[in-house]
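Just below is one structure, and these are the notes that go with it.
The values are calculated or read from the model by the stated rules, or taken from the named source; none is laboratory data. Note that this is a predicted model, so its numbers are computed, not measured. Here Cβ is always computed from backbone atoms with ideal geometry, including for glycine, and neighbour counts include all displayed protein chains. Ligands, DNA and RNA are excluded from the accessible area calculation, which covers all protein heavy atoms including side chains. Shrake-Rupley method; radii C 1.70, N 1.55, O 1.52, S 1.80 Å.
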Amino acid sequence: MDLSLTRAILFDLDGTLVDSAPDLTAAINQVLTERDRSPVTEEQVRGWVGNGARRLVARALTGEDDGTPPDEELDTALERFFECYGEAVYVHSRPFPGVVETVQALARAGMRLAVVTNKPRRFAEPILEGMGVADAIDVVVGGECTEARKPDPEPLRLAMERLGAASRTVLMVGDSRTDVEAAHNAGIPVVCVPYGYRRGVAPEDLGADAIVDDLSGVVTLLRGAA
């Protein structure tokens, strides 16, 4: 992995920059309670995050990873989930240690930064504001910004286009196999953090080009490649 030409970084959001599971759980449980369903735990939600809100809600309704509730039920529950989550998107969510400092340092150093998430942009942007890093992020690509979502490379390619960055100058940073596959599909290197929402996959089995202890490790890798 040659990072000597890196001038831009694409970050995943949930599980990489921010621990959003507490607020996601609260919104999910509000939806379930209104439907006289038993609440789910935060740990369950952590295991379900990573494939977009529709899959998250489907898993919560069925209690199964590949559960498929009736479309009408899922559509109604998803709409209500968006309402609940939108009202409290950054209440108990918090950035992972070192994230804010690292993102701000990279921006000061002149690195072009983007967030590429399967979460709708209308939720991603207030989270970045709450974290205090919105001013450091040049581009936000949400799940609705392209026809396909990660692991398809289309969202990453859109982010690179908006950043004006050639693929040879771009690094992806994520926490899951979805991020790794998206980066590889886009032809760019990918570094993963060992925390986040890996859906039971060990960090060393994600297929990333490197694993860092925390986000500051990205700065160390870039310095070593300079």
Look through the stretch 84-130, keep the residues that are open to solvent by 60 Å² or more (accessible area, probe 1.4 Å) and in a helix (DSSP H, G or I), and return whichever of them is nearest to Val141 (Cα to Cα). Arg121
Taking the stretch 154-168 as the search range and keeping residues that are without any contact (Cβ under 8 Å) to a residue 60 or more places away in the chain and open to solvent by 20 Å² or more (accessible area, probe 1.4 Å), which one is nearest to Ala53 (Cα to Cα)? Glu154
Please specify each residue of the stretch 160-183 satisfying the condition of being in a helix (DSSP H, G or I) and either modelled with pLDDT under 95 or under 15 Å from the mean Cα position of the chain (by Cα) (or both). Arg177, Thr178, Asp179, Val180, Glu181, Ala182, Ala183
Keeping to the stretch 1-49, report how many residues are in contact with a strand residue (DSSP E or B) (Cβ under 7 Å, 6 or more places away or on another chain), of a type in the set (D, E, K, R) and buried (at least 18 other Cβ atoms within 10 Å of the Cβ). 2
If we keep only residues of the stretch 184-208 that are within 18 Å of the chain's Cα centre (by Cα) and charged (D, E, K, R), then the residue most open to solvent (accessible area, probe 1.4 Å) is Arg199
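Any residue at all in the stretch 56-67 that's under 23 Å from Cys145 (Cβ atoms) and under 18 Å from the mean Cα position of the chain (by Cα)? Working first, answer last.
Here is the first cut: in the stretch 56-67, the ones under 23 Å from Cys145 (Cβ atoms) are 56-58.
Still in the running and under 18 Å from the mean Cα position of the chain (by Cα): 56-57.
Yes - at least one qualifying residue is present in the stretch 56-67.
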Condition first: over 18 Å from Asp36 (Cα atoms), touching a residue at least 40 places away in the same chain (Cβ under 8 Å) and in contact with a helix residue (DSSP H, G or I) (Cβ under 6 Å, 6 or more places away or on another chain). Now tell me which residues in the stretch 51-87 satisfy that. Tyr85
Looking at (1) hydroxyl-bearing (Ser, Thr, Tyr); (2) buried (at least 21 other Cβ atoms within 10 Å of the Cβ); (3) assigned to a loop (DSSP other than H, G, I, E, B), can you tell me which one Thr68 breaks? (2)
